[in-house]
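Here's the structure we're looking at; comments come further down.
The values are calculated or read from the model by the stated rules, or taken from the named source; none is laboratory data. The structure displayed is predicted, hence computed values, not measured ones. When we count neighbours, we look across all protein chains shown, and the Cβ atoms used for this are built from the backbone with ideal geometry, even at glycine. For the accessible areas, the whole protein counts, side chains as well, though only heavy atoms, and no ligand, DNA or RNA atoms are used. Shrake-Rupley method; radii C 1.70, N 1.55, O 1.52, S 1.80 Å.
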Amino acid sequence: MKEYGIETLTELESEPATIALSVILPVYNEAPNLEQLNLKLTDALERLARSYEVIYIDDGSTDRSLAMLREIATRDSRVRVISLRRNYGQTAAMSAGIDHARGQILIPMDADLQNDPADIGRLLEKLEEGYDVVSGWRKDRKDTWLTRQLPSRLANRLASRLSGVELHDYGCSLKAYRRDALTGVKLYGEMHRFIPIYAGWAGARVTEIPVTHHPRAAGKSKYGLSRTIKVIFDLITIKFLSSYLTKPLYVFGTAGLVCLAISLFSFAFSLYYRFVEGVHLNRMPLATLSMIMFAMGVQFIFMGLLAEMVVRTYHESQDKPTYLIRERINIDEDRT
Ligand code: UDP
Ligand code: MG
């Protein structure tokens, strides 16, 4: 069993779950979309006949978004608004929403009408089949192919391979989570798209269904190709965290050993050239390579040891266990 999901341990304490659904929408300069969005959303949610709240997070919009949200919230008390002090980005905005959500089930989605509120019901049905996370899959995606769809496809494949949680479309914001699948998930960078991975590692049952995707009708997309690079770095972090959060020395140490091996070979070769072929060392890159690799190898190993200390501090200072429990039978909750 791999030691997974260390990020997913602290409790979601801020708000107790008192209602059925929380829909969470980060909003950044979406004024032209908000009225119609809220209409469609209200319509879709009322059909479900469950208690719900809609949380809009204004992510430092510079247009009329906040004013419009205020207005919507005065008309409808099921609408709640969080206004961030500045533009923190979609992931942070989504975190703010998750932290304030009171629903048993949490449903993030985009506020630009590219996701369709009408799909929420289907996500819920799927969830009820016994899943903890249902991810939307924009099977027929309406974004430019070269700069958006292609990189996303590659990233999705890579993420599936690296994480072992196989989905076609991590990037689709529209997903549904049972509350406890999100417990304590901390989001950095562009990580909101990888919540299903964290959840999956923590033992959640993850699946996906195709959802409708519309072209952006109004307002502008906030992203371009540059996001792909961030996503790739996030993937590396994910891979690192998944395999090594409790044993960093395994990664650093391996890198160190590889360097030391290269160093040793170069050293042997340079000795051979020096004494058998009679080439002077200053005429060969091998000797230098040998020294550099030696230094790097040693460095890596010490860095690994440092990382081990950091990891221990991380777990022990916060009392984070290195495992997660799904259920206890005949054991008191408190006696952990
Ligand atoms: N968004 C946000 N903060 C940002 C950028 C985007 O809250 O800094 C919101 C945006 O308003 C939208 C969602 O995140 O509701 C997705 O953004 P966008 O539609 O621009 O992304 P795309 O669909 O083009 O991937
Ligand atoms: Mg969009």
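Exactly one residue among 80, 75, 102 is over 21 Å from residue 175 (Cα atoms) and open to solvent by 10 Å² or more (accessible area, probe 1.4 Å), and that residue is 75.
Within the stretch 309-317, is there a residue that is in a loop (DSSP other than H, G, I, E, B), open to solvent by 80 Å² or more (accessible area, probe 1.4 Å) and at pLDDT below 80? No, the conditions are met nowhere in the stretch 309-317.
Listed here are the residues, each with its yes/no results for (1) of a type in the set (D, E, K, R); (2) closer than 26 Å to residue 105 by Cα; (3) modelled with pLDDT of 90 or more.
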| position | (1), (2), (3) |
| --- | --- |
| 169 | yes, yes, yes |
| 173 | no, yes, yes |
| 194 | no, yes, yes |
| 199 | no, yes, yes |
| 209 | no, yes, yes |
| 227 | yes, no, no |
| 233 | no, no, no |
| 240 | no, no, no |
| 256 | no, no, yes |
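Of the helices (runs of 4 or more DSSP H) entirely within the stretch 1-102, those holding at least 2 residues that are modelled with pLDDT of 95 or more, away from ligand 2 (no atom under 16 Å from the Cβ) and aliphatic (A, V, I, L, M) occupy 31-48, 65-75.
Of the set (1) among the hydroxyl-bearing types (Ser, Thr, Tyr); (2) more than 16 Å from ligand 2 (Cβ to nearest atom); (3) within 20 Å of residue 227 (Cβ to Cβ), all apply to residue 173 but (2). Looking at this structure, is residue 64 more than 26 Å from the chain's Cα centre (by Cα) and either touching a residue at least 12 places away in the same chain (Cβ under 8 Å) or under 21 Å from residue 175 (Cβ atoms) (or both)? Spelling it out, residue 64 is indeed more than 26 Å from the chain's Cα centre (by Cα) and either touching a residue at least 12 places away in the same chain (Cβ under 8 Å) or under 21 Å from residue 175 (Cβ atoms) (or both). For the stretch 212-239, the set of residues classified as in contact with a Pro (Cβ under 6 Å, 6 or more places away or on another chain) and open to solvent by 30 Å² or more (accessible area, probe 1.4 Å) consists of 219, 228, listed by residue number. Here 106, 127, 150 are screened, and the one residue that is without any contact (Cβ under 8 Å) to a residue 24 or more places away in the chain, over 14 Å from the mean Cα position of the chain (by Cα) and away from ligand 1 (no atom under 13 Å from the Cβ) is 150.
Per this entry, residue 95 is not counted among residues that are free of Cβ contacts under 8 Å to residues at least 24 places away in the same chain and of a type outside the set (A, V, I, L, M). Just to be sure before I move on: is residue 308 among the acidic types (Asp, Glu) and either farther than 18 Å from residue 240 by Cα or without any contact (Cβ under 8 Å) to a residue 12 or more places away in the chain (or both) in the structure I sent? In short, no.
Scanning the stretch 130-147 for residues that are within 16 Å of ligand 1 (Cβ to nearest atom) and among the β-branched types (Val, Ile, Thr) yields 144, 147. The single condition from (1) surrounded by fewer than 17 Cβ atoms within 10 Å (Cβ to Cβ); (2) under 26 Å from residue 43 (Cα atoms) that residue 119 fails is (1). Does residue 207 qualify as being in contact with a strand residue (DSSP E or B) (Cβ under 7 Å, 6 or more places away or on another chain), surrounded by fewer than 22 Cβ atoms within 10 Å (Cβ to Cβ) and of a type in the set (Val, Ile, Thr)? Judged against the criteria, residue 207 is a match.
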